[in-house]
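Values in this text are rule-based calculations from the coordinates and carry no lab data. Here the structure is a predicted model, which means the values were calculated and not measured. Cβ coordinates were reconstructed from backbone atoms using ideal geometry, including for glycine residues, and neighbour counts include every protein chain displayed.
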Amino acid sequence: MEVTGKRKHFGTFSKSRLEYIFKEGISELFLAEYKGEVDAAAEAIFFGDTATYLHAGTSGKNEKLTASYLLVWEILKEAKRRGLKFFDLWGIDEKRWPGVTTFKKSFGGYEVNYPEARIIIYKKFSYILYKLMHFARRIIAQISG
């Protein structure tokens, strides 16, 4: 994800967040290898009647191989094997992520629009503390890398 984010100029979740989702057994990792090296990876969740494509990235070394398409196909096959009904590509946005959106739309299907999320603050002090910590982490990350 880091390599893809830098190459395609979009933000990604932190490595620790991605590892947490995977280590907790919430998601499954799919890898595409070429000549003994991982060329692409995708993370998916299988829950209820839906497979959700969460995150993916490629090395950028073999883009003509389009390994990311192969990974989506493998996730789709696994979802079908499990008897799931839906495959959620988890978000598109023509303005913010034109390349990702084109990639996801290339599989067909239909769009489902959900209402925007809202934050309801029950404990104001805890929320302010959380926001300050989040802000501090972003500043530290910018300074260190």
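At-a-glance table
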| quantity | calculated |
| --- | --- |
| Residue-averaged 222 nm ellipticity for the chain, from DSSP H runs of 4+ at -39500 (n - 2.57), nearest 500 | -13000 deg cm²/dmol |
| Charge dipole (the chain, unit charges on Cβ, about Cα centre) - positive-most of 133, 100, 51 | 133 |
| Using alpha-carbon coordinates, inclination of helix 124-144 to the longest axis of the chain, degrees | 60 degrees |
| Antiparallel bridges, percent of DSSP beta bridges restricted to the chain (to nearest 5) | 85 percent |
| For the chain: relative contact order, % (alpha-carbon pairs under 8 angstrom, 6 or more apart) | 17 percent |
| Sequence-distant residues sharing a close amide H with residue 34 (under 5 Å, placed H) | 39 |
| FRET efficiency estimate (nearest 0.05) - Cβ-Cβ, residue 34 to residue 118, R0 35 angstrom | 0.20 |
| Trypsin sites (Lys or Arg not before Pro) restricted to segment 87-145 and DSSP loop, no more than 14 other C-beta within 10 Å | 95, 96, 118, 123 |
| Option label - P(r) over Cα pairs in 5 Å bins from 0, in percent computed here, alternatives (i) 2, 10, 21, 24, 21, 14, 7, 2, 0; (ii) 2, 8, 14, 18, 19, 17, 11, 7, 4, 1, 0; (iii) 2, 6, 10, 11, 12, 9, 8, 6, 6, 5, 5, 5, 5, 4, 4, 3, 1, 0, 0 | (ii) |
| Net lengthening on full extension, residue 26/residue 105 (0.36 nm per residue, minus Cα-Cα) | 25.9 nm |
